[in-house]
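We did not get these values from a lab; they are worked out from the coordinates using the rules stated. Please read these numbers as outputs of a predicted model, since none were measured by experiment. Counting neighbours? That spans all protein chains shown, and the Cβs are built from the backbone with ideal geometry, glycine included.
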Amino acid sequence: MERLDATGYLAAPGWTDEVAGRLENVIAVHDRLVIAAGSPQPKARFVRSVWLDVHRARVESIGDAARQLRAIQRNWALYSTEQHRRAALIEEKLPHLSAKPLAFPSRAPAAPLGSWTLVDRDTILLAPTCTHFAPNGEVRFVEDKEGPPSRAYLKLQEALTVLGEMPGAGARCLDAGASPGGWTWVLAQLGADVLAVDRSPLDPAVAALPGVRFESASAFSIQPNTHGPFDWIFSDVICYPPRLLEWARRWVDSGRCENFVCTIKFQDDDTTADPYAIAEEFAAIPGSRVVHLVNNKHELTWMRTAASPSV
Ligand SMILES: C[S@@+](CC[C@H](N)C(=O)[O-])C[C@H]1O[C@@H](n2cnc3c(N)ncnc32)[C@H](O)[C@@H]1O
């Protein structure tokens, strides 16, 4: 087995060119998996999971491949790029990984998870550790078809699970751009105290939940000198990213809120040279992470907590 001194970036579907284009020293691309020399590069966005410390192994047979993987650790996720049938036969010989959707709220599985792919009949690329706890970053949740008024609730459940922190009972939360109320519904389920702000109304069932208060206003009228303090600020407002950045920075600088989960929404017809460059400015806010969630569309999610290190 050979250590490549390289990192793998599994791009979200449709984002391989963007990921490969932003990375330095790309040495190979296998479907959505972009391998670049050296340690992880923080500028890669629209990535599902990062493969840390990529190795290459020569394998003599299906059994040998499974043996080599099992000798390193128990849990392995297959990302199949070539030789799908052979890869599936190797996967069958590895310990089964649960594909059960998570019930929110729950802690992300803590067991180490490696990833591997068969790039030709006799060669495996593998990484013993990946940044995401779910196979290929494809986290799924048990869905509630009755309670929440929109599917956007899944995005917040995913964000909070990835973050590994969430508001507790009585936490003071602002939900900006709350209508129809999927995120507010999630926060109310957690027992939080929610100020939901939107120019459109909330779904009446969500508005009636304990702890929920609605204000019909622009999110950007909610400023640290007039509102708060909050324990958490959430935003799913449809707006230009610079406007969100300016508003979020003002809250961070004020010290009147420590924890943020905000969707950065990009326009489909944006003609600026690099519409995603602004992600670096969000990422530069101390304690920040900028991620692409399974439930993000043409969006990134900026998350910042008092506790989290910069990524
Ligand atoms: C994607 S939806 C939010 C969905 C919501 N998170 C949920 O879970 O149901 C975006 C919302 O942003 C609101 N919005 C757009 N501009 C706004 C502004 N300046 N202030 C407040 N809300 C705004 C829209 O009215 C819309 O309800």
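The three principal axes of the Cα atoms in the chain give end-to-end lengths of 66, 41, 34 Å, sorted in falling order. Cβ-to-Cβ counts within 10 Å put Trp232, Trp51 in ascending order as Trp232, Trp51, the fewest first. Computed from the Cβ-Cβ distance with R0 of 41 Å, the FRET efficiency linking Lys100 to Ile27 stands at 0.70. Summarising the strand pairing of the chain, around 60 percent of its internal DSSP beta bridges are antiparallel. Using bins of 5 Å that start at zero, the share of Cα-Cα pairs per bin across segment 153-304 amounts to 2, 10, 21, 23, 23, 14, 6, 2, 1, 0, in whole %. What is the distance in Å between the Cα centres of segment 91-163 and segment 259-289? Computed from Cα coordinates, the inter-centre distance equals 24 Å. Comparing His55, His30, His96 in a Gaussian network model of the chain where C-alpha atoms under 10 Å apart are linked, the largest mean-square fluctuation is found at His96. Taking only the Cα atoms of segment 89-202, the ratio Rg/Rh comes out at 1.12, with Rh defined as the Kirkwood radius.
Ordered by the number of other Cβ atoms lying within 10 Å of each residue's own Cβ, fewest first, Met1, Met303 fall into the sequence Met1, Met303.
Taking Cα atoms only, the orientation of helix 241-254 departs from the longest principal axis of the chain by about 70 degrees. Note: relative contact order over the chain, using C-alpha pairs below 8 Å and six or more positions apart, is 13 percent. Once the Cα atoms of helix 62-72 and of the chain are each reduced to a long axis, what angle between those two axes, in degrees from 0 to 90 to the nearest 10, is obtained? That helix lies at roughly 60 degrees to the long axis.
If you take all C-alpha pairs in segment 162-215, what percent of them are over 19 Å apart? Present the calculation step by step, with values, prior to reporting the outcome.
Values: 247 of 1431 pairs.
Counting pairs separated by more than 19 Å, the tail of P(r) holds 17 percent.
Oblate is the label for segment 2-137. Its Cα gyration tensor axes, ordered a ≥ b ≥ c, give a/c of at least 1.5 and b/c at or above a/b. Considering only Asp231, Asp122, Asp268, the mean-square fluctuation computed in a Gaussian network model of the chain, springs between alpha carbons under 10 angstrom, is largest for Asp268. Placing a label point 7 Å from the Cα of Gln267 along the Cα-to-Cβ line, no residue of segment 1-36 has its backbone N under 18 Å from it. A cut-off under 11 angstrom between Cβ atoms defines the neighbours of His30, and their net charge, with Lys, Arg +1 and Asp, Glu -1, is -2. With neighbours defined as other Cβ atoms within 10 Å of a residue's Cβ, the residues Phe234, Phe220, Phe104 order from fewest to most as Phe220, Phe104, Phe234.
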